[in-house]
Amino acid sequence: MVLQIITNGILQGGIYALVSLGLTIIFGVMKIINFAHGAFLMISMYCTFWLFNLYGMDPYLSIIIVIPVMFIVGMVTYRIIIQPILDAPEESHVFATLGLNIALQGLAVFLWKADFRTVPAASYMPQSIGFGNWYVPTARLVGFGFTLVAMAALIFFLKKTFTGKAIRASAQNRIAAQLMGVNLKKIYMISFGIGLGIVGLAGAICVPIYAVSPSIGSLFVLLTFVVVILGGLGSISGALVGGFIVGIVESTSGFFLSPALKEGVYFVIFVIILLIKPTGIFGKS
């Protein structure tokens, strides 16, 4: 029983980590907290749903379309909304991204109504894999695998490619990076695109697990902030650890206490960790 609960928590935490990864990248490079993160997740989930509904495309196969589309959406969003207020006070960042979140949710309700839409489980994949009394949900296991691959690919990109090194340099000291010839506006635009590209991947992975609706992003956005702050804003490995913490706490508290209390439990742990280490587990001052 305990093994089953921990397994569920780890797999769920992997989904949370993948959703949080895009937010971590955007903050780590530009120091902007994107309050429209949940709305972009919702848009990517709708893209996956309509690709399945109109063309019969498997949600996992739709990744090859959704990721590039969300990458372009991210660059356009940065150019139109973020770049003009990049050097403005932090309150401007909050109001701009929060307003964008409300606008995207309203647009989704206008276009697709508030109905919940689902994608049936793939016929080639069982709902779970059983080992005696231990069951592993297949869709969450696949999502966990995509999380590990995405994090490994992102770390390789940031450490081994010229653009990745420029992104890291801009995140560490943007003035020094500019003096070394880094085009800061271009790097920021690419970074925002990468952040939303990861959100596109997360949306495609979430569609077989969660029902799609205009409000689905709101279910994730607060939890996403908890994950990235727990792990440390801007830390890729911190997003994974934060996702595991939230997933395991949510699973265990929901079973041993009450499903209604699970959010309260991980928020209490969230506050305790911040009191001990305000920058998060892997965060830097």
_Estimated distance in nm for a label pair at Phe95 and Val76, the labels positioned 7 Å out from Cα along Cα-to-Cβ_ = 2.6 nm
*Which shape class applies to the range 39-106: rounded if a/c is under 1.5, otherwise prolate when a/b exceeds b/c and oblate if not, where a ≥ b ≥ c are the square roots of the Cα gyration tensor eigenvalues?*
prolate
*Report the extension gain between Phe255 and Lys165 in nm, rounded to one decimal, defined as 0.36 nm multiplied by the number of residues separating them, less their alpha carbon distance.*
28.0 nm
_Separation of the Phe156 and Lys185 label points, Cα + 7 Å toward Cβ, nm_ = 3.3 nm
*To the nearest 0.05, what FRET efficiency results for Leu3 and Ile272 with a Förster distance of 30 Å applied to their C-beta separation?*
0.70
*asked:* Suppose the chain between Trp50 and Leu107 were pulled fully straight at 0.36 nm per residue; how much longer would it get relative to their current alpha carbon spacing?
replied: 18.9 nm
_Among 274-280, 73-79, the order from most to least packed when residues are scored by Cβ within 10 Å on average_ = 73-79, 274-280
*According to the square roots a ≥ b ≥ c of the eigenvalues of the Cα gyration tensor, what is the shape class of the range 122-163, taking rounded for a/c under 1.5, prolate for a/b larger than b/c otherwise, and oblate for the remainder?*
prolate
*From the phi of every residue in the range 268-280, what ³J(HN,Hα) in whole Hz does the Karplus formula 6.51 cos²θ - 1.76 cosθ + 1.60 yield, where θ is phi - 60° and glycine or proline is x?*
5, 4, 4, 5, 4, 5, 5, 5, 7, 9, x, 7, x
*the chain: relative contact order in percent, alpha carbon pairs under 8 Å with at least 6 residues between*: 39 percent
*Rounded to the nearest 500, what is the chain's calculated 222 nm mean residue ellipticity when only DSSP H runs of at least 4 contribute -39500 (n - 2.57) each, over all residues?*
-24000 deg cm²/dmol
*asked:* Taking only Cα atoms of the chain, what ratio of Rg to Rh do you get with Rh as the Kirkwood inverse-distance radius?
replied: 0.97
*Using a 10 angstrom cutoff on alpha carbons, build the Gaussian network for the chain and name the most mobile of Ser92, Ser62, Ser170.*
Ser92
*Anyone know which of Gly22, Gly193, Gly164 comes out most mobile in the 10 Å Cα GNM of the chain?*
Gly164
*What pairs in Lys185/Lys277; Lys160/Lys186; Lys165/Lys277; Lys31/Lys277; Lys31/Lys185 have C-alpha atoms more than 22 Å from each other?*
Lys185/Lys277; Lys165/Lys277
*Mean shadow of the range 128-192, computed from the convex hull of its alpha carbons, in nm²?*
5.8 nm²
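We did not get these values from a lab; they are worked out from the coordinates using the rules stated. In this text, all values refer to a predicted model and were calculated from it rather than measured experimentally. Cβ sites come from the backbone with ideal geometry, for glycine too, and all protein chains shown count toward neighbours.
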